[in-house]
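As structure tokens, the structure follows; a few thoughts come after it.
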Amino acid sequence: MKKIIILLTILYMSVYNFTFAMTDDEKGLSIAHEIDAHDKGWRDSTTKMKMILKNRQGDQSSRDIRVKFLEVKDDGDKGLTIFDTPADIKGTAFLSYSHSIEQDDQWLYMPSIKRVKRINSSNKSGPFMGSQFAYEDLASFEVDKYKYKYIRDDKINDVDTYVVESYPLYEYSGYTKLLVWVDKSRYIPIKVEYYDRKNSLLKTLELSKYTLYLDKYWRAHEQRMVNHQNGKTTILSFNGYELNTGLKESDFNRNSLKRAR
């Protein structure tokens with residue numbers, strides 16, 4: 001009887017290991033799904049932020065910005081970004097419709113010419129308003145936008161992380177891959193490395209000062225993007241979030257760009 005029990009145990013463990021063993025690609029995709037699942041249900045949010053631009057010499061300038069987001073079920077989220085300062089770009093507004101599979105839709109309203117400009121697909125790798133963030137960096141995270149591969153476990157500032165490579169499926173992307181450090185317990189990104197079309201390290205994004213909202217949703221109050229090739233840095237400093245405020249689809253249409261104040 002003892003031998004039978006041992007054999008059954010070995011058989012069970014063999015089947016268990018076969019069933020749950022994942023390839024690195026499958027594990028990477030599983031982590032991406034966990035990131036997505038941990039950030040569902042917030043409906044909408046608003047925040048104010050300061051964008052600080054620094055050049056290689058250390059000179060800097062700043063911009064005050066308001067941002068609104070709308071969670072969209074079964075598709076990518078919508079975002080509206082409004083510049084309040086400096087005076088020469090006050091009223092400039094950016095509208096983004098992220099999509100799970102299709103190309104994102106993005107528009108920029110420039111009050112100086114009172115015109116809404118659509119951002120072409122081939123231009124989304126370009127810099128957003130002189131910052132080190134590209135237009136494509138501003139789209140919401142959607143699992144189907146990438147292929148994934150688990151690389152290793154790592155530790156950053158005593159935080160246990162998964163390191164996952166993400167390969168953009170968007171044909172006009174300015175990146176060959178993103179290397180993402182994901183907090184194992186909270187499933188939030190801590191650090192992202194962006195590799196250009198020559199597969200050279202282009203930028204590094206560090207996300208910090210995370211705060212918990214509604215007992216579920218983590219938001220980084222600081223994002224620091226460093227461009228290793230031009231020596232420039234952009235820092236986004238957020239002044240808190242309000243979630244589930246009652247924003248509607250009508251707050252995120254093209255007409256909302258011109259009336260943004």
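In the list V143, V116, which residue meets the criterion of being surrounded by fewer than 17 Cβ atoms within 10 Å (Cβ to Cβ), of a type in the set (V, I, T) and closer than 22 Å to Y187 by Cα?
On the way: V116 fails: closer than 22 Å to Y187 by Cα.
Exactly one residue qualifies, and that residue is V143.
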Restricting the search to the range 205-234, which residues are exposed (fewer than 13 other Cβ atoms within 10 Å of the Cβ) and either of a type in the set (A, V, I, L, M, F, W, C) or assigned to a strand (DSSP E or B) (or both)?
S208, K209, T211, L212, L214
With respect to P127, determine if the residue is free of Cβ contacts under 8 Å to residues at least 40 places away in the same chain and over 21 Å from N227 (Cβ atoms).
no
Which one of these does L29 not meet: (1) crowded, with 17+ Cβ neighbours inside 10 Å; (2) at positive phi?
(2)
Only one of (1) part of a strand (DSSP E or B); (2) within 18 Å of the chain's Cα centre (by Cα); (3) charged (D, E, K, R); (4) surrounded by fewer than 18 Cβ atoms within 10 Å (Cβ to Cβ) does not apply to E193, and that is (4)
Which pairs turn up if I take residues in the range 236-261 that are closer than 29 Å to L207 by Cα and in a loop (DSSP other than H, G, I, E, B) and look for partners that are acidic (D, E) and modelled with pLDDT of 95 or more with beta carbon separation below 6 Å, at least 6 apart in sequence or on another chain?
T245/D44; L247/D44
Per-region count, the range 49-66, residues surrounded by fewer than 17 Cβ atoms within 10 Å (Cβ to Cβ) and either at positive phi or within 17 Å of the chain's Cα centre (by Cα) (or both):
1
Give me a count of the residues in the range 129-148 that are over 15 Å from Y172 (Cβ atoms) and in a loop (DSSP other than H, G, I, E, B).
8
Taking the criterion of being modelled with pLDDT under 95 and closer than 30 Å to K198 by Cα, would at least one residue in the range 72-88 satisfy it?
yes
Can you name the number of the only condition in (1) within 23 Å of S256 (Cα to Cα); (2) surrounded by 13 or more Cβ atoms within 10 Å (Cβ to Cβ) that I156 fails?
(1)
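The values are calculated or read from the model by the stated rules, or taken from the named source; none is laboratory data. Quick caveat, the model's predicted, so the values are computed rather than measured. Note that each Cβ is placed from the backbone with ideal geometry, even for glycine, and that neighbours are counted across all protein chains shown.
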